[in-house]
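The values are calculated or read from the model by the stated rules, or taken from the named source; none is laboratory data. From a predicted model like this one, the values you see are computed outputs, not experimental measurements. A quick note on method: Cβ atoms are made from the backbone with ideal geometry, for glycine too, and the neighbour counts reach across all protein chains shown. These accessible areas exclude ligands, DNA and RNA; they are computed on the full protein's heavy atoms, side chains included. Shrake-Rupley method; radii C 1.70, N 1.55, O 1.52, S 1.80 Å.
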Amino acid sequence: MNEPEEIPDADHEQLIERVAAIDVAKEFGKVCVRLPNPARPGRRISRVWDTAATTNAVLVLACRLIELDVQKVTLESTSDYWRIWFYLLESQGLDVQLVNARDVKNVPGRPKTDKLDAVWLATLTEKGLLRPSFVPPAPIRVLRDYTRMRTDFVRETTRHWQRLEKLLEDALIKVSVVASRLDTLSTRDMIEALIRDERDPHVLAELARGRMRSKRAALVEALTGRFDDHHAELARMLLDQIDALNRQIDTLTTRIDAVIAAIPIAGSTDTGHGHTTSHSQATAIERLDEIPGISPLGAQVILAEIGLDMARFPTARHLTSWARLTPRTIQSGATHRAGKTGKGNPYLKGLLGEAAAAAAKTNTFLGERYRRIVKRRGKLKALVAVARSILTIVWHLLADPTKRFEDLGADYHTTRIDKGRKIRNLVRQLEVLGQTVTFQPAA
């Protein structure tokens, strides 16, 4: 008989005597408070009422919950409607947790109403059955708003360039075949000349700069088309939109730098010389920038999405699991299989995917990891594995501000191979093919 295995409870798994839960909607919230029943010792009582989703009403609710000595308040993450409840209740000193709607679904067979949902949410809260979602502190939330807006603007700029390319195709202009990108200085000058009613392909091709001047013959052919006045008007609108977005992106980047500089110092570490040295967010960005595939702008996005305090993620596996970069394990009897990773944070996963694709092209440990996995698992799973490795590195760098990134090298696995085992495997393979193997010492 096997010895029983002890599994300690997680931090959120605790019985709570006085709790509140709010079923969030756009205009109001259904509030449920569960308290001990003074008339019947050992029993519980639920009180349910509606509260308007306005600042003053939520502040009044906060005062009422404080008077009732509520120890924990749970909110269901419904769209963005939870924000007013979370921010205001948190500002009044209440212990508020946000939970994923997937984790608090009602039991099948029970009626589905806002009142019953609020009571069920409160019941789960008092039993400690809810796992809170990660909500960063206020300074990181501000940074996140700026970085997400910048990401959205960059994506919108890309869409406008795609619309412009489609417009040029309609005008029979094939400059995108010769030029790798439309946002180069050469192609921008050509498009501006087309808008100014210049139609001679030879004159347009002479606007090429740098290495593109060697492609003037191909440009003459590509710029021969039917670009008319309505194409010029639409192209002007698209370029103006692109320029406006680029100015806003530059403004956001400047503002992000200022917000990062204003974030309080993360902590102090002993240098070993009898004094301490403080480490700010800027230092964290510089250290994250050393990871292959991560740029300074990418490091800003990572800090905005996960923050600096890794205490919320006890281990790197907790962080990668939260980011949905770890496949779900499914085990039943002797059968073990891996499930899907899930959606996760789209901004963080999108950035890590781009970083993994860039790191895969490098002669580093991460690049070699991609090449080892892609041969047997395919490109997508290899990219997810590299993204998980990058996030694991990020956790270690943020958990210990004194650490710096050190690449293990592309030869990490080959230098640590078990030579005897490798020889035995190769001999076995040759013997299966009907060969006899003899060894001769190398000269």
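Only one residue in Glu76, Glu67 is modelled with pLDDT under 90, open to solvent by less than 40 Å² (accessible area, probe 1.4 Å), under 25 Å from Gly128 (Cβ atoms) and among the acidic types (Asp, Glu). Which one?
Numbers: Glu67 fails: open to solvent by less than 40 Å² (accessible area, probe 1.4 Å).
Going through Glu76, Glu67 in turn, the sole match is Glu76.
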### Task
Name the residue, out of Arg328, Arg317, Arg247, Arg236, that is modelled with pLDDT of 85 or more and within 23 Å of the chain's Cα centre (by Cα).
Arg317
### Task
For the range 415-442, name all the residues that are of a type in the set (Asp, Glu) and surrounded by 11 or more Cβ atoms within 10 Å (Cβ to Cβ).
Glu431
### Query
Where residues in the range 129-155 are over 12 Å from Leu98 (Cβ atoms) and open to solvent by less than 30 Å² (accessible area, probe 1.4 Å), which of them is nearest to the chain's Cα centre (by Cα)?
Thr147
### Message
Filter the range 76-91 down to the residues that are touching a helix residue (DSSP H, G or I) at 6+ places or on another chain (Cβ under 8 Å) and under 13 Å from Thr51 (Cβ atoms) and list them by number.
### Response
Ile84, Trp85, Leu88, Leu89
### Task
Collect the residues in the range 347-378 that are within 18 Å of Ile393 (Cβ to Cβ), β-branched (Val, Ile, Thr) and touching a helix residue (DSSP H, G or I) at 6+ places or on another chain (Cβ under 8 Å), keeping them in residue-number order.
Ile373
### Summary
If we take the range 358-443, then helices (runs of 4 or more DSSP H) inside it with 1 or more residues that are of a type in the set (Asp, Glu) and touching a residue at least 12 places away in the same chain (Cβ under 8 Å) are 365-377
### Message
Going by what's in this entry, would Thr276 be described as at pLDDT 90 or above, under 30 Å from Asp309 (Cβ atoms) and among the polar types (S, T, N, Q)?
### Response
no
### Query
Do you know which of the residues in the range 296-314 that are open to solvent by 50 Å² or more (accessible area, probe 1.4 Å) and in contact (Cβ under 8 Å) with a residue 24 or more places away in the chain is farthest from Pro401 (Cα to Cα)?
Leu297
### Query
Mind checking whether some residue in the range 101-120 is surrounded by fewer than 13 Cβ atoms within 10 Å (Cβ to Cβ), hydrophobic (A, V, I, L, M, F, W, C) and either modelled with pLDDT of 90 or more or over 36 Å from the mean Cα position of the chain (by Cα) (or both)?
no
### Task
List every residue pair whose Cβ atoms lie under 8 Å apart, where the two residues are 6 or more positions apart in sequence or sit on different chains, the first residue falls within the range 144-164 and is under 18 Å from Ile306 (Cα atoms) and in contact (Cβ under 8 Å) with a residue 40 or more places away in the chain, and the second residue, located anywhere, is β-branched (Val, Ile, Thr) and surrounded by 14 or more Cβ atoms within 10 Å (Cβ to Cβ).
Tyr146/Ile256; Tyr146/Val259; Thr147/Ile256; Thr147/Val301; Arg150/Ile249; Arg150/Thr253; Arg150/Ile256; Thr151/Val301
### Message
I'd like the full set of residues that are without any contact (Cβ under 8 Å) to a residue 60 or more places away in the chain and either surrounded by 14 or more Cβ atoms within 10 Å (Cβ to Cβ) or touching a helix residue (DSSP H, G or I) at 6+ places or on another chain (Cβ under 7 Å) (or both), limited to the range 170-180.
### Response
Ile173, Lys174, Val175, Ser176, Val177, Val178, Ala179
### Query
Is it the case that some residue within the range 401-414 is polar (S, T, N, Q), surrounded by 13 or more Cβ atoms within 10 Å (Cβ to Cβ) and over 23 Å from His318 (Cβ atoms)?
no
### Task
Sort through Leu124, Leu98, Leu129, Leu89 and tell me the only one that's among the hydrophobic types (A, V, I, L, M, F, W, C) and either part of a loop (DSSP other than H, G, I, E, B) or in contact with a Cys (Cβ under 7 Å, 6 or more places away or on another chain) (or both).
Leu129
### Query
Mind checking which residues of the range 26-64 are touching a Ser or Thr at 6+ places or on another chain (Cβ under 6 Å), part of a strand (DSSP E or B) and either loosely packed, with under 15 Cβ neighbours inside 10 Å or of a type in the set (Gly, Ala, Ser) (or both)?
Gly29
### Query
Any idea which of (1) open to solvent by less than 90 Å² (accessible area, probe 1.4 Å); (2) closer than 19 Å to Glu290 by Cα; (3) more than 21 Å from the chain's Cα centre (by Cα) is the one Asn363 doesn't satisfy?
(1)
